[in-house]
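K.L.:
Just passing along the structure, written as structure tokens.
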Number of protein chains: 2
Amino acid sequence: MSRSTVTPQSQPATSDSIARALSLAIHEHRIAPGTKLGEDELAEIYGVSRTVVRAALQGLSHVKLIDIRRNKGASVASPSLTEAHEVFEARELLEPRTARSAAARATPEDIALLERHIADEHAALEAADPGRALYLSGLFHNEIARIADQATIAGFIETLVARSSLIIALYWRRESALCEKHAHHALVRALAEGDATQAEDLMRSHLVDLHSALDLRERNARAPSLKEALSQ
Amino acid sequence: MSRSTVTPQSQPATSDSIARALSLAIHEHRIAPGTKLGEDELAEIYGVSRTVVRAALQGLSHVKLIDIRRNKGASVASPSLTEAHEVFEARELLEPRTARSAAARATPEDIALLERHIADEHAALEAADPGRALYLSGLFHNEIARIADQATIAGFIETLVARSSLIIALYWRRESALCEKHAHHALVRALAEGDATQAEDLMRSHLVDLHSALDLRERNARAPSLKEALSQ
DNA sequence: GAACACAAAATTGTATACAATACAAGTTTC
DNA sequence: GAAACTTGTATTGTATACAATTTTGTGTTC
């Protein structure tokens, strides 16, 4: 049954679960920027009507992971270079402050969780699963925002981190790991020590470093078929 | 005909136009926090099917102007005190930087537009239309963000300004004008002179001032009927 | 009057049918 | 061969019907 293949629960897919699945696929680069997201195709994949798919697509559109053009349909967003710079600028403005707050609030459980994220990211890289590593790398940033306990700003950061995965798909220049290993380790150390100023500075330079790794040339990547990308 | 009363155009209302109309009504305090937004009722008011209304409501939900609970419907959001503080904190983080950028970029046309906003706001206050004044006051902030030419951050600010109107409806303590007259004038002067540091400082203190005007007690306001509020 | 049970009505969630628009393929004209 | 036109197909936008859930109203019991 198509449902149990794509959504391993006994319940029908909801718009929320579909949006989450698509978001994860985009984040892990299983769906490339520019990929057309047809309503009928997704409805068939998830075993629901177009109504539910449309709601999911609208949700994704609001966080700018996809573009919906009236009468023309939905596709995975392809941020322009300008948007790419804007996203990283916004992160450079928000995340250092968030790291500062997180350093003042982090519990040992928080630190342990962040360390597990780093370990999982490296495991994914060694398993030749860069998409998974990228997702976990982004999640690391989202977790710091959660620890900072400012939900409004954490929501913005989550959006920016998700969009970053699109930008990385299009503009990333380096061959190495996406977020360098030592940057995340150093951040966790600063959080563990409650060193707010250090955490803030480290986060700022980490993001400036990421921003500097954007390439000025656009790239194209072969897009796997939609069904292929979503069958996990 | 119901359509031409509420939407003075010959075309049927779209989900976008409905979302905009509702957003304006919320912003001007014609619809109060907590007001139930029934799909059938809105569908009748706007002369469209529930499908279009649902799309509009989803859009408003994504910017947190309304809350949608599964199986229970949509209502205008009532931000908690915590959310209120978060929203103003986020504004204090984003808007000073935006004012700084705007000061470096403002054209004479931009300045003239901002001055018109201030004049219109005062006219609205003298016409005993505080809702309109509030909307224009918020728009002033959105315009500065637009001048700063960073669409990603401007988008966040727009969301925060809209949510601020809900917060003001619930928590505002002062009887006087919502944004004090001289604060906006001083900002425009700093922008006109290209004084980035002054613009940044003025914006920060303006927002800190707004934040300090939040009351700790919640208030209730009589909610006009939905049709009444939307008939403009 | 309060609490409970049940039925009816209202509302929300979803599927499906139909209308509107865009796209692709084939044909005609220059 | 390129451009314009026509036709058929695919896709998106919307209304409507039906299913599922919640709310309201009514009656009964204590």
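Every number here is computed from the coordinates shown, using simple stated rules; none is lab data. Just so it is clear, the model here is predicted, and its values are computed rather than measured. Using ideal geometry, Cβ is built from the backbone for each residue, glycine included, and neighbour counts are taken over all protein chains shown.
K.L.:
Please report, in Å, the Rg and the Dmax of segment A:81-212, where both are computed over Cα atoms only.
P.N.:
Considering segment A:81-212 through its Cα atoms, Rg and Dmax are 13.6, 39 Å.
K.L.:
Using the 7 Å Cα-to-Cβ label point, sort the distances from residue B:12 to its equivalents in the other copies shortest first and give them in nm to one decimal.
P.N.:
Ordered by increasing distance: 2.4 nm.
K.L.:
Would you kindly work out, in nm and rounded to one decimal, the distances from the label point of residue A:81 to those of the same position in each other copy, ordered shortest first, with label points 7 Å along Cα-to-Cβ?
P.N.:
Residue A:81 label point versus its equivalents elsewhere: 5.1 nm.
K.L.:
Cα convex hull of chain B: how many Å³ per residue?
P.N.:
Per residue, the Cα convex hull of chain B comes to 128 Å³.
K.L.:
Can I ask one more? Two decimals, Cα atoms only, Kirkwood Rh: what is Rg/Rh over segment A:121-178?
P.N.:
Over the Cα atoms of segment A:121-178, Rg/Rh equals 1.03.
K.L.:
Also: Mind checking the angle between helix A:81-105 and chain A's longest principal axis? C-alpha axes, 0 to 90 degrees, to the nearest 10.
P.N.:
Its long axis makes an angle of about 50 degrees.
K.L.:
Further, regarding this structure: For chain A, calculate the relative contact order in percent as a whole number, restricting contacts to Cα pairs under 8 Å that are 6 or more residues apart.
P.N.:
Relative contact order comes out at 28 percent.
K.L.:
I would also like to ask the following. When the convex hull of the C-alpha atoms of segment A:66-155 is computed, what volume per residue in Å³ does it have?
P.N.:
128 Å³
K.L.:
Counting other C-beta atoms within 10 Å, and keeping those with at most 10, which DSSP coil GluC sites (Glu not before Pro) do you find in segment B:140-205?
P.N.:
Sites meeting the loop and neighbour criteria: B:175.
K.L.:
When Cβ neighbours within 10 Å are restricted to other protein chains, what is their mean count per residue of peptide A:82-91?
P.N.:
Across the residues of A:82-91, the mean count of other-chain Cβ atoms within 10 Å is 3.
K.L.:
To continue, here is another question. Find the percent of Cα-Cα distances in segment B:26-122 that exceed 15 Å, and round it to a whole number.
P.N.:
Looking at segment B:26-122, the distances longer than 15 Å represent 74 percent of pairs.
K.L.:
While we're looking at this one, here's another question. Mind checking the mean number of beta-carbon atoms from other chains within 10 Å of the Cβ atoms in B:49-57?
P.N.:
Mean shielding count: 1.
K.L.:
Now a separate question. So how far apart, in nm, are the two label points at residue B:51 and residue A:119 if each is 7 Å from Cα heading toward Cβ?
P.N.:
Result for the modelled spin labels: 5.1 nm.
K.L.:
Note the distances from residue B:115 to each other copy's matching label point, with points 7 Å along the Cα-to-beta-carbon direction, in nm, sorted shortest first.
P.N.:
6.2
K.L.:
Does the protein assembly as shown classify as rounded, prolate or oblate by the C-alpha gyration tensor (a ≥ b ≥ c root eigenvalues; a/c under 1.5 gives rounded; else a/b over b/c gives prolate, otherwise oblate)?
P.N.:
oblate
K.L.:
Label points 7 Å out from Cα along the Cβ direction at residue B:151 and residue A:11: separation in nm?
P.N.:
3.7 nm
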